[in-house]
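Before any comments, here is the structure.
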Amino acid sequence: MIPDLEADRYRPKREHFEKIFAGEVIDRGGHWKEQPLSPEAKYFAFLLKEKFGEWALVLDEGSGTGGHTLQLANLGLRVIGIEQTASGAAKSNALRRQADISPYRASFVHGDIRFLPFKDGSFSGFHDWCSLSHLHRRDWKDYFNEAARVTVKGGLGLILGFSGYDREFYGVPIREDGVAWLEFRDGQVFLENRHGEKYNRPHDYPEKYENMSWWFARINDIKEAAGDNFDIRGIRLSQHPEAHHKGKRHYLNILLERR
């Protein structure tokens, strides 16, 4: 069932990005800067091409401004990016044209990663750069069920997401306090720990993160949510690529295979 987007819990975040993407110039700065793929991306692309041939078709879930989608295309994959904002999808297609990449190799559509507008078995694999982290754990079953539905058996998935093993996030203790879900809103940080307890307190955070929220994943989160349809082929932690985050933030990299 497609959700009522007017009542959807992610509406403030979606509207936030809609405005940002609509107002920004595609200049390779801000949200358009090129951020590196997962350290496992080349191996992911290699395995897909070995199993399904050159230009295997991959879904890029939550493609944002399109940079990661185009990097995947440059690894020899065909990629369709799905983005929650209309402005993000439109500008990503403009970025593709600027990069002189054909629509056969990369294209973008507007849609919801929990309710994918594609036929069963449409893709050889899927890729996700931090989009799963923006969903609350209660929505992960929908996410993985849809990913499984559109991925052929034996297909692969590569997910990069926020880590529940990190020490802190902008002054909020993560590992020590067992924080799973974090939201910045109205000068407060709203938290949910791994026992389901919810609480909030005043907190000073960067203005750009207003109405932003994340789930900080641990390995069991992935196993429980994806286990009905996927086997885990590999898990590793990698440091955040920006220097001011080193030693503080890590990404969880998960390689999955469709059962």
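Readers should treat all values here as calculations from the given coordinates under stated rules, not as data from a laboratory. These numbers come from a predicted model, not from an experiment. Here Cβ is always computed from backbone atoms with ideal geometry, including for glycine, and neighbour counts include all displayed protein chains.
Would you please give the FRET efficiency between K141 and E207, computed as 1/(1 + (r/R0)^6) with r the Cβ-Cβ distance and R0 = 41 Å, to the nearest 0.05?
0.80
So if each residue of separation counts as 0.36 nm, and I subtract the Cα-Cα distance between D228 and V109, what length gain in nm does that give? It would help to have the intermediate numbers written out before the result.
On the way: separation 119, 0.36 × 119 = 42.84 nm, distance 2.75 nm.
So the extension gain works out to 40.1 nm.
Principal axes first, then extents: for the Cα atoms of the range 144-259, list largest minus smallest coordinate on each axis, whole Å, largest first.
47, 31, 25
Mind sorting H68, H110 by how few other Cβ atoms lie within 10 Å of their own Cβ, fewest first?
H110, H68
Report, to one decimal in Å, the Kirkwood hydrodynamic radius for the chain based on all distinct Cα pairs.
After inverting the pairwise mean of 1/r, the radius is 18.7 Å.
Just rank E50, E207, E224, fewest to most, by other beta-carbon atoms within 10 angstrom.
The order, fewest Cβ neighbours first, is E207, E50, E224.
In deg cm²/dmol and to the nearest 500, what is the mean residue ellipticity at 222 nm of the chain if only DSSP H runs of at least 4 residues count, each as -39500 (n - 2.57), divided by the residue total?
Taken over the chain, the calculation gives -7500 deg cm²/dmol.
In degrees from 0 to 90, rounded to the nearest 10, what is the angle of the helix 86-98 Cα long axis to the longest principal axis of the chain?
Helix 86-98 sits roughly 50 degrees off the main axis of the chain.
So if we plug the beta-carbon distance of I235 and R194 into 1/(1 + (r/R0)^6) with R0 = 25 Å, what FRET efficiency do we get, rounded to 0.05?
Efficiency, rounded to the nearest 0.05: 0.85.
Assuming 0.36 nm per residue, please report the length gained on full extension of the stretch A86 to R218 beyond their Cα-Cα distance.
Stretched fully, the A86-R218 segment lengthens by 44.4 nm.
Counting other C-beta atoms within 10 Å, which of V109, V179 has the fewest, and how do the rest follow?
V109, V179
Over 22 Å between Cα atoms: which of K141/K223; K13/K198; K51/K153; K19/K119; K119/K153; K91/K208 fall into that group?
Long pairs (Cα-Cα over 22 Å): K19/K119.
In Å, what Kirkwood hydrodynamic radius results for the range 164-216 from the alpha-carbon pair distances?
The Cα-based Kirkwood calculation yields 10.9 Å.
State, in angstrom, two size descriptors of the range 189-237 derived from its alpha carbons: Rg to one decimal place and Dmax to the nearest whole number.
When restricted to Cα atoms, the range 189-237 yields Rg and Dmax of 15.0, 41 Å.
State the extension gain, in nm to one decimal, for the chain segment bounded by D100 and R175, taking 0.36 nm per residue of separation less the distance between their alpha-carbons. Before the final figure, lay out each step's value.
Working: separation 75, 0.36 × 75 = 27.00 nm, distance 4.35 nm.
Extending this stretch completely gives an extra 22.6 nm.
Of the peptides 15-24, 58-67, how do they stack up when ordered by the mean number of other Cβ atoms within 10 Å, highest first? Please list the in-between numbers first.
Working: 15-24: 15.1, 58-67: 26.6.
Sorting 15-24, 58-67 by mean packing, highest first, produces 58-67, 15-24.
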